[in-house]
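Each reported figure results from applying straightforward, stated rules to the coordinates on display, with no laboratory input. As the structure is a prediction and not an experimental result, all values here were calculated from the model. All Cβ positions, glycine included, derive from the backbone under ideal geometry; neighbour counts span all protein chains shown.
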């Protein structure tokens, strides 16, 4: 609780209702957050209410506010421009601060013989360097293109030491490598190919083709047909590569495509830059730390484009979700660029595929930081969109009931974190309150017990035990193995505990495969959402496997217990004690009569009979 709250509330009560920018400061008069508002009083008041519904980050920022300043502007548009300028100037910790993945990049030509062409981040190894390039994307794409066009090796084999020691790799067989490892490419021929590749990088395709055509003609005139054929193939490869470039239609000739991927504390925004119908460059920005925005694209767009010159602004921006102030942003960008700038949210066709490519780029960048694959992260994003969640569900709990008639009634809870099973958080439940089969009542018992443990953990002081307690963590999403009737039965339990965790069911088809997601009001089809569908299927299969394995284990133990009670003097409690001590059939068979007698608390005669019975039990 901020002790300055009464003062801040009194100050805000008489604040103007005009548009403008507000500047939050801490006790050291350091600016910690800058925002804009159409109505200053309404916006600033929302921070200092007595019972606000703030996110954790917003609450933390408000707790540090000692005072605030403001600047009244003539319009909301002017407030937007001023906000961008002040954020760039002061870099407040609670605003999104753009840090891209740019650095100096180089193209390296290693020393002869048999030089390699590679993309490098530093120019600190022996060889010749081209660059520096500001775009690592450009350097890597160029290297990939020239190695493919001039059929240069990209493997790690050392030449000439490895000649004839290995079979040529796949690149040779598909015509993307000249097969240097075979040992039949003269050093001077290889050096000429490298020199042509370097000239291509420096001078471009047209100049290179012209020079190669002149050399091909000269080789033909001196009857060196082998050299002429090699040059002819090189020219054809350059032309074929040019034709295979990712050429877009005229509508996307001058376009920025912006995709986003999120994890628990990091957001990556990827911008694919298309100019003259081709993919020209790519920027990626990592948004981390205390930034408050629940919709990071709304803050990213004005900051990213306000720092660019008019000629660098595209005609079209493709984005997955329209910003709240799209018209205001269009006006700012159009005025800044000197030409019309449109902001569009593609829903189908080639433009949607471009957007998916940008999201894939963002997902791959994030996966490197999060230690997850891009596919896993994008599956969580797609699942969030399908279910209407505000953010990707980083921790998912799933539950399934398993029983054999009314015997061995159990449940399993599995946990997926960042798209992967977190097996040390799995939990098993024996159904205690039912003696007849009732899946709905069993699921209610399990969920109630699970969140009783959660409430108990929250009341305890921080401790090592709490840190490793799987029940002490609130999931981002709960999935039940069942339909909307299951969801309807469990929703009141969550309300009973005052929890607002998203709750859905996983509906199976006749072949026990995931068919849809169930809500209280109906079903959501997921089969056409490939990444989300694959994740849901994996979760449903895993929770079913876990629950049924526990049920079979418990049923087997119950059968063993009933068998043991056939010995006079061994009742249910003694049988259970034996099974708790010797957890597997192998351990039970290996126990001596004396050990069995001590465990069950019976005399030597009874222990001998017990031993004989165990040895006769079928495998």
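Jot down the radius of gyration and Dmax of segment 6-164, Cα atoms only, both in angstrom.
27.1, 85
If you scale each eigenvalue of the Cα gyration tensor by 5 and take the root, what three semi-axes come out for segment 5-90, rounded to whole angstrom and sorted largest first?
Taking √(5λ) for each eigenvalue gives 20, 16, 12 Å, largest first.
Taking a temperature of 20 °C and a viscosity of 1.002 mPa s, what whole-number D in µm²/s does Stokes-Einstein yield for segment 565-616 with Rh from Kirkwood over alpha carbon pairs?
D = 203 µm²/s.
When only C-alpha pairs under 8 Å and at least 6 residues apart count, what is the relative contact order of the chain, in percent?
Here the relative contact order equals 8 percent.
If you count the DSSP beta bridges with both ends in the chain, what percent of them are antiparallel, to the nearest 5?
Restricted to the chain, the bridges split so that about 80 percent are antiparallel.
So between residue 422 and residue 170, what do we pick up on full extension, going 0.36 nm a residue minus the alpha carbon distance?
Result: 87.0 nm gained on full extension.
Could you give the length gained by full extension between residue 541 and residue 275, i.e. 0.36 nm per residue of separation minus their alpha carbon distance, to one decimal place?
Here the answer is 91.2 nm.
Suppose R0 equals 56 Å; then what is the FRET efficiency for residue 327 and residue 189 from their Cβ-Cβ distance, rounded to the nearest 0.05?
With a Förster radius of 56 Å, E is 0.35.
Testing the spin-label approximation: label points 7 Å from Cα along Cα→Cβ at residue 603 and residue 566. State their distance in nm.
Spacing of the two 7 Å Cα→Cβ label points: 2.3 nm.
For a protection proxy built on the mean count of beta-carbon atoms within 10 angstrom, sort 390-403, 295-308 highest first, please.
390-403, 295-308
From the Cα gyration tensor of segment 388-544, with a ≥ b ≥ c the square roots of its eigenvalues, which class applies: rounded if a/c is under 1.5, or else prolate if a/b is larger than b/c, or else oblate? Walk me through the numbers on the way to the answer.
Working: a/c = 1.56, a/b = 1.17, b/c = 1.34.
The shape class here is oblate.
Counting only DSSP beta bridges with both residues in segment 388-544, tell me the antiparallel percent, nearest 5. Display every interim value, and only then the final one.
Details: 23 of 31 bridges.
DSSP beta bridges in segment 388-544 are roughly 75 percent antiparallel.
Find the Rg to Rh ratio for the chain, where Rh is the Kirkwood radius over alpha-carbon pairs and Rg uses the same atoms. Could you put the intermediate results ahead of the total?
Numbers: Rg = 33.5 Å, Rh = 30.5 Å.
Rg divided by Rh gives 1.10.
Label points 7 Å out from Cα along the Cβ direction at residue 352 and residue 162: separation in nm?
Going from the residue 352 label point to the residue 162 one covers 4.4 nm.
How much length is gained on full extension from residue 391 to residue 69, taking 0.36 nm per residue of separation minus their Cα-Cα distance? Could the numbers behind the result be given before it?
Working: separation 322, 0.36 × 322 = 115.92 nm, distance 3.21 nm.
Using 0.36 nm per residue and subtracting the Cα-Cα distance, I get 112.7 nm.
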